[in-house]
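Trainee: Sending over a structure as structure tokens; questions will come in a sec.
The values are calculated or read from the model by the stated rules, or taken from the named source; none is laboratory data. This is a predicted model, so every value here is computed, not measured. No Cβ is skipped: glycine too gets one built from the backbone with ideal geometry, and neighbour counts run over all protein chains shown. These area figures cover heavy atoms from the full protein model, side chains too; ligands, DNA and RNA do not enter into them. Shrake-Rupley method; radii C 1.70, N 1.55, O 1.52, S 1.80 Å.
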Amino acid sequence: MLNRIWVAFVLVGFLAALVQTAQGDLEIFSRVLTGLFDSAKTGFEVAFGLVGVMSLWLGVMKVGEAGGLIERFGRAVAPFFRRVFPDIPPGHPAAGSIAMNASANMLGLDNAATPLGLKAMRELQEINPQKDTASNPMIMFLVLNTAGITLIPTSVIAIRQSMAVQQGVAGFNAADIFLPTLISTFISFTAGLLAVAAWQRINLLSGPVLAFFGGFAALMGGLYAWLAPLPAAQMAQLIGLLGSGLVVSIVVLFVGAAAWRGVDVYERFVEGAKEGFGVAVQIVPYLIAMLAAISIFRTSGCMGYLVEAIRSAVLALGLDADFVPALPVGLMKTLSGSGARGLMVDVMSAYGVDSFQGRLAAIIQGSTETTFYVLAVYFGSVNITRTRYAVACGLIADFVGLVGAIAVGYLFYHGA
């Protein structure tokens, strides 16, 4: 599946460039070539930038394993993970790494989530009988990762606040997208879980799974009741404190527990950190391959054609098309996080940060994930070349999440 999509991006982009050349755009291939080279450079820089963070977090996780906390954490979430990941052996450290990755993603801590996710993939590869083929637990983990729940869209809130100041919007609450984003990302997560569960024939009607959904609903209500009444500046401050405080506390807890057990903490940290460089370097070819194909598709104008086709179809059906200007954010987010961020800023600049389109773009940006980037990085880190149905399930979650974000945006903001 991933191979077909990659080839399609390249060939469709090339054909679109040929059409534009025939129409008189003699600069199109120059733009495509520049984008191609820039994407290769970006891929290397992203992977190289992961070296330090990977070394840090793999070192911390090695200390956590030596201190016994990863194993305990795995046992604590075992009831839920036994249902969702039935092929992971009881007590295996992958369950703890997956749970910690999910926790970091929920808090919007990308720098912490990616290394934890890569570590989880390496642990899942240990129990994978076919080393070049994605296993069932790998696919479930990646789809839930790409559709992961985001409790706090920290970066989106910060961008909205900055743009509100630039546009002179008085009394603007940059964090008012908190609950809509939370609902939208929960829709995406549920869709991804149901899609993979149906494919793998996993029965989700069990106490641990229902308890998870009930607990999450209670958590959503509690967080909203706590944060919603606060001014935007104070809310942003508390969100930052919550996220960074949690990460630092985990590091200190791991170090303290390992030292208490008489472990040589420094030696274990260095042992884990040494793995970081190798993992980051291994990602480079997979990441460059994916970014290059996406670049050809985007710079050739195919994304613009796709959006205009959707607008025409929506209008032909007699439906409201106010959401269409924000739609490119969701389509691009599947391909490129930085590209989607740029499109979100563009929508906010054109329509206003407090407009329906501006708010909807922010909700989409905060509640969707870069599916192809995640698949390339995570599968590339363990040399998986046969992805089976991972792409299909990931795109199902993306599509349902995008539709859900648009519906939630209309519910909360359209006509307001």
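Trainee: First select every other residue whose beta carbon is under 11 angstrom from the beta carbon of Ala361; then total the charges, Lys and Arg +1, Asp and Glu -1. Show your work: numbers first, answer last.
Mentor: Values: positive: Arg160, Lys333, Arg341, Arg359; negative: Asp346.
Within the 11 Å Cβ shell, the charges total +3.
Trainee: Can you tell me the accessible area per residue over the chain, all protein chains present, probe 1.4 angstrom, in square angstrom? Walk me through the intermediate numbers first.
Mentor: Details: 18270 Å² over 416 residues.
Per-residue accessible area for the chain comes out at 44 Å².
Trainee: Then there is this: For the stretch 287-416, what is the relative contact order in percent, using Cα pairs closer than 8 Å and at least 6 residues apart in sequence?
Mentor: 24
Trainee: Taking the simple approach of a point 7 Å from Cα along Cα-to-Cβ for both Ala170 and Val251, what is their distance in nm?
Mentor: It is 4.3 nm.
Trainee: Could I ask something else about it? How do Thr114, Thr387 rank by accessible surface area computed with a 1.4 Å probe, from largest to smallest? Please report the intermediate quantities before stating the final value.
Mentor: Working: Thr114 30, Thr387 10 Å².
Accessible-area ranking of Thr114, Thr387, largest first: Thr114, Thr387.
Trainee: Return one number: the angle in degrees, 0 to 90 and rounded to the nearest 10, between the long axis of the Cα atoms of helix 178-200 and the longest principal axis of the Cα atoms of the chain.
Mentor: The helix 178-200 is inclined about 70 degrees to the chain.
Trainee: How large, in percent, is the carbon and sulfur part of the accessible surface of the chain at a probe radius of 1.4 Å?
Mentor: Within the chain, the accessible surface is 65 percent carbon and sulfur.
Trainee: Separate question: What's the longest piece of the chain with no exposed trypsin sites (Lys or Arg not before Pro), counting a site as exposed if DSSP puts it in a loop and it has at most 13 other beta carbons within 10 Å?
Mentor: Numbers: sites that count: Lys131, Arg201, Arg261.
The longest such stretch corresponds to 262-416.
Trainee: To the nearest 10 degrees, how steeply does helix 302-316 sit against the main Cα axis of the chain, on a 0 to 90 scale?
Mentor: 70
Trainee: List the extent of the Cα atoms of the stretch 8-48 along each of their three principal axes, largest first, rounded to whole Å.
Mentor: Here the spans come out as 40, 21, 7 Å, largest first.
Trainee: Label Leu317 and Glu126 with points 7 Å out from Cα along Cα→Cβ: what is the distance between them in nm?
Mentor: 4.8
Trainee: Count of lysine pairs in the chain with Cα atoms under 28 Å apart, counting only pairs 8 or more residues apart in sequence or on different chains?
Mentor: Lysine pairs, 8 or more places apart or on different chains, close enough: 10.
Trainee: For the chain, build the convex hull from the C-alpha positions and give me its volume per residue in Å³.
Mentor: 149
Trainee: From the square roots a ≥ b ≥ c of the eigenvalues of the alpha-carbon gyration tensor of the stretch 292-416, which class results: rounded (a/c under 1.5), prolate (a/b over b/c), or oblate? Let's see the in-between values first.
Mentor: On the way: a/c = 1.83, a/b = 1.79, b/c = 1.02.
Prolate, because a/c is 1.5 or more and a/b exceeds b/c.
Trainee: Under 19 Å from a label point 7 Å along Cα→Cβ of Ser349: give me every residue in the stretch 162-186 with its amide N that close.
Mentor: 162-169
Trainee: Once R0 is set to 25 Å, what does the formula 1/(1 + (r/R0)^6) return for the Cβ-Cβ distance between Leu11 and Leu306, expressed as a FRET efficiency to the nearest 0.05? Numbers along the way, then the final one.
Mentor: On the way: r = 15 Å, r/R0 = 0.61.
Computed FRET efficiency for Leu11 and Leu306: 0.95.
Trainee: Evaluate the distance, in nm, between pseudo-label points positioned 7 Å from the Cα of Leu194 and of Phe37 along their respective Cα→Cβ axes.
Mentor: For Leu194 paired with Phe37, the spin-label model returns 4.8 nm.
Trainee: Another question, if that's okay. Would you calculate, for the chain, the mean residue ellipticity at 222 nm contributed by helices, counting each DSSP H stretch of 4 or more residues as -39,500 (n - 2.57) and dividing by all residues, to the nearest 500?
Mentor: -26500 deg cm²/dmol
Trainee: Around Gly301, with a cut-off of 14 angstrom between Cβ atoms, what is the net charge of the other residues, counting Lys and Arg +1 and Asp and Glu -1?
Mentor: Around Gly301, the surrounding residues sum to -1.
Trainee: If you project the alpha carbons of the stretch 132-209 onto the principal axes, what extent comes out on each, in Å, largest first?
Mentor: Its Cα atoms span 53, 34, 16 Å along the three principal axes.
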